[in-house]
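To keep things clear, I will list the structure first and then write my remarks on it.
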Amino acid sequence: MTNETELLARITVRSDVFGGKPIIRDMRMAVEHVLGMLAAGDTVPTILSEYPFLEAEDIQACLVFAYRSLAGEQVYERLAVRSAP
């Protein structure tokens, strides 16, 4: 199983993508979008079939990010921040 540090490394921030919101693996897939799908009742297999470029660990990373953020940790500041290419 992947540890939380490795999972959080999948979450990045790019100032040129979605206004600097956290995204998955530097792609145009916002963490909040994945969390919204889960909150709406979509299952992990459903999300993975609809977005084949995602991996199960990406979804787990979103959950870890949300948990750590709500727990009051300064997760956002520790994300890999990339500038526009």
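Can you list the trypsin sites (Lys or Arg not before Pro) in the stretch 1-76 that are in a DSSP coil and have 16 or fewer other beta carbons within 10 angstrom?
Working: sites: ARG10, ARG14, ARG25, ARG28, ARG68; in loops: ARG10, ARG25, ARG28.
In loop regions of the stretch 1-76 (DSSP not H, G, I, E or B), the sparsely surrounded trypsin sites (Lys or Arg not before Pro) are ARG25, ARG28.
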Inset, instruction - Determine the distance separating the Cα centre of the stretch 35-55 from the Cα centre of the stretch 5-32; give it in Å without decimals. - result: 16 Å
Inset, instruction - Report the label-to-label distance for ARG28 and THR43 in nanometres (one decimal), using points 7 Å from each Cα along the Cα→Cβ vector. - result: 3.0 nm
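Over the stretch 1-42, give the accessible area per residue in Å² for a 1.4 Å probe, as an integer.
Numbers: 2250 Å² over 42 residues.
Solvent-accessible surface per residue comes out at 54 Å².
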Inset, instruction - Could you please state how large a percent of the accessible area of the stretch 1-44 is carbon and sulfur, counting protein chains only and using a 1.4 Å probe? - result: 55 percent
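The values are calculated or read from the model by the stated rules, or taken from the named source; none is laboratory data. All figures in this text were calculated on a predicted structure; none of them were measured in a lab. Every residue, glycine as well, gets a Cβ built from its backbone with ideal geometry; the counts of neighbours run over all protein chains shown. We work out accessible area using only protein heavy atoms, side chains counted, and drop any ligands, DNA or RNA first. Shrake-Rupley method; radii C 1.70, N 1.55, O 1.52, S 1.80 Å.
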